[in-house]
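Have a look at the structure below before the remarks.
Values in this text are rule-based calculations from the coordinates and carry no lab data. Bear in mind the structure is a predicted one, so any value in this text is a computation, not a measurement. A quick note on method: Cβ atoms are made from the backbone with ideal geometry, for glycine too, and the neighbour counts reach across all protein chains shown.
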Ligand code: NAD
């Protein structure tokens, strides 16, 4: 059975794309035949079905992954592994139009975005970790008159890769590439709302020559479903999870029973700190992206915008004017800047915060409602709210949609106090041309990633992750590799 979409890929040819599990090198339905509908959030149409996995499919997938740890995969040398990882990257690029369409149909994001960020970055994740292991040298050897010590690096074992729906392919490959580079075998559990590109990815791994059982995929939900069965499974050695902080807490409890290794990328409520000396046009251009790209459904989006009082009025006026120009609508239209939110449930959740903002005394300066002309699809106008402060839930809780608050501040101390007054600590963006202040403020923000005069500028070698309840551990370059591998120190007495 195959999952290939007929070429040329158009939004029509992917209709009826039914996603199956991929277990031990084969696409298979659920044992009990259960499926659920896959809905396009921009049209509310059913675009296919998804096999609904549970404990039975997870058992099969984990058993296959465990067997594969000692199969041909283990015997491959680094060059052979590199060749497969590079082939995966090449196949992603070959199928980029199809993958970009599938990603947009699943998520509601514009195709120019999936085609320019999600899919190319997915290929780059494999190229990056292929290069990484090609140049990896042995651990340092120490010797003196007493003993020689050396450390060997080996895979952790079977790794569960669990992902959210906002950047499905980008985030899955960000886990899969280093997990495979380090020699592990995996079971992927994509978000139930976005199953399609993970399915094609499994097919690509097969076509790239990956031995059976190394890469497995089980579709399904989280609680009492495939997700829970995966994190509870005693033969899973590590879990790499990206998703909500509340889900992370539940998974940590399940994983405690068998003391699994955990990597967590969780929620955020990220601040932008804009000082009056910053270049306002540059600030506005980037703030539009950090607020509304991907419908604001990026964990790194800056949803709390603090502006130094002398620049506040000017900033707000320009920011509102530019926000009003953003075209909301059909993800397949090149003019569209903001697509559809992921689901009806999420639309209701995001709009409930807009209602709450009014109850908390805020002013909706622009947006706040479904754009005119749409009776189908979960579209929401980009929304700017003022008049709220740190006591408000809207300022404290992650909304994960195209909704930002703008708050003036007077001093550096005051804004830092507000910015750090949260249990999140994922990222922040600081805007100033004062070099000393840039360093001082960046070093004082409690977040895993701080950008200065930019946002979302990523170098995959650098540590990525959150402080406080935004995450546990770091991904990126050596940090990913540390998570996905074990070290054994061997000591030989002389
Ligand atoms: P979610 O936590 O609801 O779901 C994420 C994944 O976990 C899904 O695959 C889901 O099926 C699974 N899951 C849910 N309950 C589970 C359980 N009990 N056991 C095992 N698996 C379970 O998150 P979401 O709504 O899909 O995604 C949005 C969240 O993800 C936001 O909070 C966002 O900030 C966060 N996120 C963080 C990063 C980061 O890098 N820090 C990146 C993207 C998204």
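Within segment 244-333, the proportion of Cα pairs with more than 23 Å between them is 44 percent.
Relative to the dominant Cα principal axis of the chain, helix 344-359 is inclined by about 30°. Note on segment 259-324 and segment 30-68: Cα centroid distance 36 Å, given to the nearest whole angstrom.
Semi-axes of the equivalent ellipsoid for segment 26-78, please: Cα gyration tensor eigenvalues, times 5, square-rooted, ordered largest first, whole Å.
Sorted largest first and rounded, they come to 32, 16, 7 Å.
Extending 7 Å from Cα along the Cβ direction at residue 375 and again at residue 43 yields two label points whose distance is 1.7 nm.
Based on a Kirkwood Rh over C-alpha pairs, give the Stokes-Einstein translational diffusion coefficient of segment 107-200 at 10 °C and viscosity 1.306 mPa s in µm²/s. Approximately 103 µm²/s, per Stokes-Einstein. Overall shape of segment 38-162 was characterised from the C-alpha gyration tensor. The equivalent ellipsoid obtained from it has semi-axes of 38, 21, 13 Å, in decreasing order.
So for segment 340-386, averaging the separation of alpha carbon pairs under 8 Å that are six or more residues apart and normalising by length, what relative contact order in percent results? Walk me through the numbers on the way to the answer.
Values: 57 pairs, mean separation 19.9, N = 47.
Taking the mean separation of contacting Cα pairs over the length of segment 340-386, I get 42 percent.
DSSP beta bridges fully contained in the chain are about 40 percent antiparallel.
Each DSSP beta bridge with both residues in segment 335-494 is either parallel or antiparallel, and the antiparallel ones are about 35%.
Translational diffusion coefficient of segment 385-453 (Stokes-Einstein, Kirkwood radius from Cα pairs, 25 °C, 0.890 mPa s): 188 µm²/s.
Each 10 Å bin, from zero up to the one with the longest distance, holds this percent of the alpha carbon pairs of segment 209-265: 22, 54, 21, 4.
For segment 375-494, take the alpha-carbon Rg, divide it by the Kirkwood Rh, and send me Rg/Rh.
Details: Rg = 19.3 Å, Rh = 17.4 Å.
Expressed as Rg/Rh, it is 1.11.
Beyond 18 Å, the tail of the calculated P(r) for segment 415-486 holds 44 percent of the Cα pairs. Dividing the mean sequence gap of close Cα pairs (under 8 Å, 6+ apart) by how many residues segment 315-413 holds gives a relative contact order of 24 percent. When the P(r) of segment 360-403 is calculated, the portion above 16 Å amounts to 44% of the C-alpha pairs. On the principal axes of its alpha-carbon atoms, segment 191-297 has extents of 55, 37, 22 Å, going from largest to smallest. Using a cutoff of 8 angstrom between alpha carbon atoms and counting only pairs six or more residues apart, the relative contact order for the chain works out to 17 percent.
Size check on the chain: the Cα extents along the three principal axes, sorted descending, read 67, 65, 39 Å.
For the chain, the longest principal axis of the alpha carbon atoms and the long axis of helix 168-181 meet at an angle near 40°.
Relative to the compact-globule estimate of 2.2 N^0.38 Å, the Cα radius of gyration of segment 266-394 comes out at 1.05. For segment 299-373, the C-alpha radius of gyration divided by 2.2 N^0.38 Å, with N the number of residues, is 1.26. Would you mind classifying segment 334-443 by shape? Square roots of the alpha carbon gyration tensor eigenvalues, ordered a ≥ b ≥ c; an a/c under 1.5 is rounded, otherwise it is prolate if a/b is larger than b/c and oblate if not. Taking the square roots of the gyration eigenvalues as a ≥ b ≥ c, segment 334-443 is prolate.
Taking neighbour counts of Cβ atoms within 10 Å as a proxy for exposure, in what order, fewest first, do 129, 379, 36 appear? Walk me through the numbers before you get to the answer.
Details: 129 28, 379 24, 36 16.
In increasing order of surrounding Cβ atoms, one gets 36, 379, 129.
The distance separating the Cα centre of segment 419-494 from that of segment 153-225 comes to 24 Å.
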